[in-house]
Structures are given as C-alpha cells and as structure tokens.
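Chemist: Quick one: this structure, given as structure tokens, is what I'll be asking you about.
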Amino acid sequence: MIRTALVSVLCMLAILMVVPQVAHAKDSTYEQRMARGVLAFESGKFAEAAGEFRAALAERPDDPAATLYLGIAQSRSGDPQAETTLKKAAGLNPEDARANFELGVLYYQRNIPEEANDYFDTAASLSPGSEIAARSQEFKKASGDRKGTGAKPWAVSAGLRGEYDSNVVLAAAGAALPQGISRRSDVRTVALLDGRYRFLSGPKGDLSAGYGFYRSWHRDLSEYDVLRHTLDLRGGIPVSSIVSVEAAYTFEYVEVSSEMYNYAHGVGAGVTVREGKDHSTSIRYQYRRAGYGTAALYPTNSDRDGGNHLVGVTQRASFGKSLSVSAGYAHDEDRAKQPWWDAKGDKGFVAIGASLPRRTSLGLYGEYQRRKYDALDPQFTVLRKDRTTILGATAGISFTDHFGLSVGYAHVKNDSGIPVLEYTRSITSVTLTARF
C-alpha cells in the first residue's frame, strides 16, 4: 500500500514538471510566430505576415494582438477578410485605438466616409493627443475634402468686384507695384479668377497647381488699370504626426495700362508644426527674383531689377468651428540693380475670421510694416523710411454652396520720411463670387 502511494506521488510530480514545459513551448512558439509576422509586415510581405499571425492564433486562439495584426496585414494586402478580422479585434479589445483606426482606414480606402469617420472619432477619443489621434484627424480632413468636392480634383472660383478708392495708388493685393500716387478718387471694376488642380491630396501628402487672374478697369484713371497673371505649383509631405514640410514655385506677370510692368519667379519652402488639434505654427522662407519694365508712368522702374529674401513665422489657432485667428511676423530684404532700391522691411499682422449663423461670416485684418531703404535716392535729399498701417474688415453671406456676396472696407495710411510719398486711402468694395 505504501508502494502504491509512492508511485502516485511520483506520477503527480512528473505531470507537474511536464505541464509548464508544454505551456512554455506554446508561449515560445507564439512569440516566435508574432516576431516573424511583424518582421515580414515591416518588410512589406503582407501575405507572409498574415500566415505567421494565423499560426500565432493557432497557439493562442482569440488573442487580441495576433487578431489585430492579422487584420492589418489582410487590409494592406487587400484581403476581403480584413473587415471581419479587424471587427473581431475591436470586439476582443474595445479600448484598442489601433483596431478602430485601422477599420477607419479600411472604410476610407473603400470610399465609405461616414463609416470611416465614426471609427476615426472612436480611435481619437480612445487615445487623445497620440499619433493615432493626429492621423485620424488627417484622414477625416482628407475624407471631408473628397466628399465636399465630389472627389473632383479641381476647383474654380470667379469674382466680380466694384470698388470706390479715395486715393488711387498703383498697388494691388500680392503684387509689388510702384508707388504711383494719383491723389484722386475713382471707382473701378475688378474681375477675379482662381483655379486649382490637385494631382495628389491625402494623408500621404498633397501636390497642386494653380492659376490666378486679376484685371481692373478705372472709370477715369485708366493709366492705373492693372492686369495680373499668376501661376504656382505647391506641395507638402507629412514627416510625422505633427510636422509637415511644404514647398512652392510661383510665377507672375503684371501689366499696367497695357504695358509690361514686371515679371517674377519665386521659390519657397516651409515647415508646419501642429501643437494640437486646433493650433499650428508655420515657418517659411521665400526668394523672389523680379525684372521690371519701363513706361511713361514709371520711367526708371528697371532700377528695381533684383531679388527679395523673406523669412516669416505664422501662428494659427481655431476655437471651435466658428472662430479662427492667425498672427505672424515677416522680415524681408530687397537687393536691386540700383542701391537706393535696396531695403529691409519688417511686418506684423493679425487676422480673425468668424462663421456666423445663416451662412454669414465676418473677417478682420490688421497689418503694420516698417521699411528702411539703404541708400539715398537721387530724387530726394533724405533717406527713405516708410511706415504703413492697414486695417480692414469684410462681411459675407453664402446664398448657396456656389454663390456668395461680400462687402469690404480697408483703410491704408503710409507715413514716410519723404512727404511726397505719404498718403492715406480708403477702399470700399462689393464682391459677387461663384465657386465650382
């Protein structure tokens, strides 16, 4: 009887020693399969990775990690079983942000934006402030752009504007025109056209080309009529969940009173950092090389031939869906053919935009710029220094998704060390816009 009991004890000890070894062997096989699967996945061998993850699941059925990785590998390889596997992974671990994110990506690729955005929202809420949350917002934005434009790669807007100018100055938004000051008021009609074609748009980056047209006709001061054409090529690539880089090339051609005023080539590059969902900072550099023509209104204009270097920083913030604010600073330097056109400038600005009820909007803008010229212009006896202040406001209404109307007012005051170059002007405008 003692002998029988001893045999029973020895058998139990043997079983206790073997069971952990078997369990350890199973764990070891699972870990090896998972490691091989991850390695294959990172090498782009998605079908091979899926096989390894299936083998891991054979060792640990319903394992959340192996199920998730299998679903991701199937999604990348286009396997129709990906949806079922990823939903199972989300069910096994409802708090897993990655499973919800991958389901969002799957539905985004299938062009089912409503379903995709639901999963992106869930992923962001489960992992706030993470890379997954940032990527979810990027996909949602791309999905919204795709849906809002009907997936068409182009956009066109046209405008017709009427303006009253209390002191017509030879200048136009965005164009470096000479300081011809009429000291006379006038009304003018302006035609505007902007178009853009997107070659690429999405979380992986964007690339687009644009064209802009500006044409003004004055009732009395026809010598101040301006024609302007612009072309640009712009692109950007995200380098992480919060950082993206951008680059651009621009070309412009300007005529004044049917005579060539200038042409210019520009190149620029920048970096944007998103500090949060609604906050970002952009740093940019731009170089612009211009050639100037001569005419009766500006006989020595070619003295300005040369280049301009600009560096700037802009901070943007949104507060809910109704209010946005941007503020920035820029420093630029002109290097021209004649030294009296060499100059250094500093500019600060702030802009506020608000979306109001009933498809209405309000915008406010303020800018202050100082510019100091390096050498004495032979026309004057003192060194030129200008200080320009611009204050503006616009109010708009969208009648439909395609048509809108806006009214605007801008006040410009230029103080200069040379009295003949000082001026004040006010511009009141009404613009009808069509967007397609």
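The values are calculated or read from the model by the stated rules, or taken from the named source; none is laboratory data. What you are looking at is a predicted structure, and each value in this text was computed from that prediction instead of being measured. Cβ: placed from backbone, ideal geometry, glycine included. Neighbour counts: every protein chain shown. Areas reflect the complete protein model, heavy atoms only, side chains present, ligands, DNA and RNA absent. Shrake-Rupley method; radii C 1.70, N 1.55, O 1.52, S 1.80 Å.
Chemist: Would you mind finding the one in Gly266, Gly212 that is part of a strand (DSSP E or B), over 30 Å from Arg184 (Cβ atoms), touching a Ser or Thr at 6+ places or on another chain (Cβ under 8 Å) and open to solvent by less than 50 Å² (accessible area, probe 1.4 Å)?
Modeler: Gly266
Chemist: So which residues in region 192-209 are in contact with a Leu (Cβ under 6 Å, 6 or more places away or on another chain) and surrounded by 14 or more Cβ atoms within 10 Å (Cβ to Cβ), if there are any at all?
Modeler: Asp206, Leu207, Ala209
Chemist: How many residues are surrounded by fewer than 21 Cβ atoms within 10 Å (Cβ to Cβ) and among the hydrophobic types (A, V, I, L, M, F, W, C) if we restrict to region 98-128?
Modeler: Residues in region 98-128 being surrounded by fewer than 21 Cβ atoms within 10 Å (Cβ to Cβ) and among the hydrophobic types (A, V, I, L, M, F, W, C): 2 in total.
Chemist: Also: Looking at (1) in contact (Cβ under 8 Å) with a residue 24 or more places away in the chain; (2) surrounded by fewer than 17 Cβ atoms within 10 Å (Cβ to Cβ); (3) among the small types (Gly, Ala, Ser), which one does Ser185 not meet, given that it meets all the others?
Modeler: Just one mismatch for Ser185, condition (1).
Chemist: Here's another thing I want to ask about it. When the residues of region 289-307 are filtered to those that are part of a strand (DSSP E or B) and touching a residue at least 40 places away in the same chain (Cβ under 8 Å), which remaining residue is nearest to the chain's Cα centre (by Cα)?
Modeler: Looking at residues that are part of a strand (DSSP E or B) and touching a residue at least 40 places away in the same chain (Cβ under 8 Å), I get Ala290.
Chemist: On the basis of being assigned to a strand (DSSP E or B), within 21 Å of Arg215 (Cα to Cα), touching a His at 6+ places or on another chain (Cβ under 9 Å) and not small (Gly, Ala, Ser), does Tyr253 make the cut?
Modeler: So Tyr253 fits the description; yes.
Chemist: Could I ask something else about it? What residue, among those in region 390-405 that are within 17 Å of Asp165 (Cβ to Cβ) and out of contact with any His (no Cβ under 7 Å at 6 or more places or on another chain), is most open to solvent (accessible area, probe 1.4 Å)?
Modeler: Among residues in region 390-405 that are within 17 Å of Asp165 (Cβ to Cβ) and out of contact with any His (no Cβ under 7 Å at 6 or more places or on another chain), the one most open to solvent (accessible area, probe 1.4 Å) is Thr394.
Chemist: Of all residues in region 215-234, count the ones that are open to solvent by 60 Å² or more (accessible area, probe 1.4 Å) and either touching a helix residue (DSSP H, G or I) at 6+ places or on another chain (Cβ under 7 Å) or basic (Lys, Arg) (or both).
Modeler: Of the residues in region 215-234, 2 are open to solvent by 60 Å² or more (accessible area, probe 1.4 Å) and either touching a helix residue (DSSP H, G or I) at 6+ places or on another chain (Cβ under 7 Å) or basic (Lys, Arg) (or both).
Chemist: Further question: Surrounded by 15 or more Cβ atoms within 10 Å (Cβ to Cβ), under 16 Å from the mean Cα position of the chain (by Cα) and of a type in the set (Ser, Thr, Tyr) - does that describe any residue in region 272-280?
Modeler: yes
Chemist: Please determine whether any residue of region 374-389 is under 29 Å from the mean Cα position of the chain (by Cα), part of a strand (DSSP E or B) and surrounded by 14 or more Cβ atoms within 10 Å (Cβ to Cβ).
Modeler: yes
Chemist: If I go through region 320-372 residue by residue, how many of them are of a type outside the set (Val, Ile, Thr), in a strand (DSSP E or B), open to solvent by 60 Å² or more (accessible area, probe 1.4 Å) and more than 30 Å from Tyr292 (Cβ to Cβ)?
Modeler: 5
Chemist: Sticking with this one: Could you please find all residues in region 292-325 being of a type in the set (Ser, Thr, Tyr) and either under 19 Å from Asp386 (Cβ atoms) or at pLDDT below 95 (or both)?
Modeler: Tyr292, Thr294, Tyr298, Thr300, Ser302, Ser318, Ser322, Ser324
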